[in-house]
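So the structure is just underneath, and the comments pick up after that.
The values are calculated or read from the model by the stated rules, or taken from the named source; none is laboratory data. All values reported here derive from a predicted model rather than from experimental measurement. Cβ atoms come from the backbone with ideal geometry, glycine included; neighbour counts cover every protein chain shown.
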Amino acid sequence: MTGLALGGGVMADGGEQYEASASALGYLFQFAKALHMCIEQWMSAGPDWSIAVEAADDIEQHMGSVTDLLQLKQRAEGVRLTDTSKDLWKTLRIWAEAATAGRIDLDETNLYLLTTAELPADSVGYLLQHRATGHRDEERALKQLCAAAAASKTKSQDLLKSFAALTGMAKPLQNALLARIQVVGGTEDIADVRTAMLRLAAVAAGHGAAKAFLNRLEGWFYDRVIEQMRTPGGSPVTGVEFDEVFSSLQRQFQHDNLPIDGDITRMTGHATEQAEKNFVRQLEIIGVGSRRIGFAVRDYVRAFAQRSRWTNENLLRPGEIGEYERRLVEEWEARFAVMEEELGPGATEEQKKAEAKLIYQWVDQEARFQIRTGCDEVFVTKGSYHMLADEPEPRVGWHPDFAARLMQLLEPAEVPG
């Protein structure tokens, strides 16, 4: 099932016209609600479930042999779901046609209409609420639906088709259909759903990291659902799959770890764009090849982006970057001092470059200092060394005379007199 008409977009003024931005918000509402359901299932149920968006309905959930089909309607404040509401009848048409055609098994399918609209007392929606409310009356609801269809003066072809879809069903099938329908009014809107997810994310990752955790989970989920929607018969998100993703993300937010983001690990960087950087000049001074310089640029770009994101999301502890860089510099200092002693004052330029390459080889292939014990992504170490080598007054370098060499490169060329 596709199309914005099924997406539950927000009516801008309660009228017939949907604003483009409101329709987009309706789709986001579906995504958010589906993710919220996944998180709740992960926290309360086993892995035997699956959820799909815009498959057999706005949201389709399977738990064992039972199927839940959900229609979502996000509406402006004050809108009411009346017996002639288009939201109600369009939803009934979808389910009535599916039941008549045998596309849904009413014995094992629950049908939910979730709307932010109000349910007026004694309206059809009011009468089809959960039995626990004490207001449920399927027989009366069916009578009111048939009466509303008969009394309507509408010329809308969509509504007329909706009336016919329900009233044209055999009475036993009408009864079976309404027995499976549950209307939930005044439900949470997209803002409320996201607030609820933030509370659950705080349980998984802590209050300070809840927003960062949820942002990453949403990014994965939305990409995954888009993939499902774009592929004919695309596979739903399963409980097993969600458990793997959620648990992996949870581990990344533990006290001894930091998240490494997929979009950052896919960054490659461009050596030409970084050609004027000090860390690139340092590599050129000792004769590192262009391909390896490209790898260095990649590590630098990734480390810079990842560290910036950690900082912006307040995932780092006070002074943590400074302490990490102190460790890196001190490890470099020990090796650099050995190199200086072994070279001595009479070393040739060729010897200096050869030893400098060994220092850089250590950084490139051996130095693996974790900012936290669980965070073992190698670009963090290598890229951080390049960041230290890139400072206006570099704190690390490879050539024994790197500071003087860089100064010469940065000095403006003398203009002949």
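For residue 383, indicate whether it is in a helix (DSSP H, G or I) and small (Gly, Ala, Ser).
It is true that residue 383 is in a helix (DSSP H, G or I) and small (Gly, Ala, Ser).
Return the only residue of 282, 254 being closer than 30 Å to residue 353 by Cα, among the polar types (S, T, N, Q) and surrounded by 12 or more Cβ atoms within 10 Å (Cβ to Cβ).
Among 282, 254, only 282 is closer than 30 Å to residue 353 by Cα, among the polar types (S, T, N, Q) and surrounded by 12 or more Cβ atoms within 10 Å (Cβ to Cβ).
How many residues are closer than 22 Å to residue 311 by Cβ and part of a loop (DSSP other than H, G, I, E, B) if we restrict to the range 255-287?
Adding up the residues that qualify gives 11.
Could you check the range 223-251 and list, in sequence order, the residues that are closer than 27 Å to residue 372 by Cβ, touching a residue at least 60 places away in the same chain (Cβ under 8 Å) and surrounded by fewer than 18 Cβ atoms within 10 Å (Cβ to Cβ)?
Selection gives 243, 251.
Might you check whether a residue that is assigned by TED's automatic domain parsing to the domain that holds residue 145, surrounded by fewer than 18 Cβ atoms within 10 Å (Cβ to Cβ), charged (D, E, K, R) and touching a Leu at 6+ places or on another chain (Cβ under 7 Å) occurs anywhere in the range 164-171?
no
Take the residues in the range 220-254 that are assigned to a loop (DSSP other than H, G, I, E, B) and over 20 Å from residue 55 (Cβ atoms), then tell me which one is farthest from the chain's Cα centre (by Cα).
Ranking the qualifying residues of the range 220-254, first place goes to 254.
Inspect the range 58-73 for any residue being under 27 Å from residue 199 (Cβ atoms) and in a loop (DSSP other than H, G, I, E, B) and give the result as yes or no.
Yes, the conditions are met somewhere in the range 58-73.
With the condition kept exactly as written, say whether any residue in the range 34-44 is more than 21 Å from the chain's Cα centre (by Cα) and at pLDDT below 95.
Yes, the conditions are met somewhere in the range 34-44.
Take residue 176 and decide whether it is of a type in the set (Gly, Ala, Ser) and either farther than 22 Å from residue 131 by Cβ or touching a Phe, Trp or Tyr at 6+ places or on another chain (Cβ under 7 Å) (or both).
The answer is no for residue 176.
Restricting to the range 102-134, what's the tally of residues that are without any contact (Cβ under 8 Å) to a residue 40 or more places away in the chain and closer than 14 Å to residue 56 by Cα?
2
Of everything in the range 168-205, what is within 14 Å of residue 110 (Cα to Cα) and not in a helix (DSSP H, G or I)? Give them in sequence order.
Scanning the range 168-205 gives 181, 182, 183, 184.
For the condition touching a helix residue (DSSP H, G or I) at 6+ places or on another chain (Cβ under 9 Å) and surrounded by fewer than 12 Cβ atoms within 10 Å (Cβ to Cβ), what is the one hit in 342, 377?
Selected residue: 342, the only one of 342, 377 that is touching a helix residue (DSSP H, G or I) at 6+ places or on another chain (Cβ under 9 Å) and surrounded by fewer than 12 Cβ atoms within 10 Å (Cβ to Cβ).
Could you list, in sequence order, the residues of the range 105-157 that are surrounded by fewer than 17 Cβ atoms within 10 Å (Cβ to Cβ), in a loop (DSSP other than H, G, I, E, B) and among the polar types (S, T, N, Q)?
152, 154, 156
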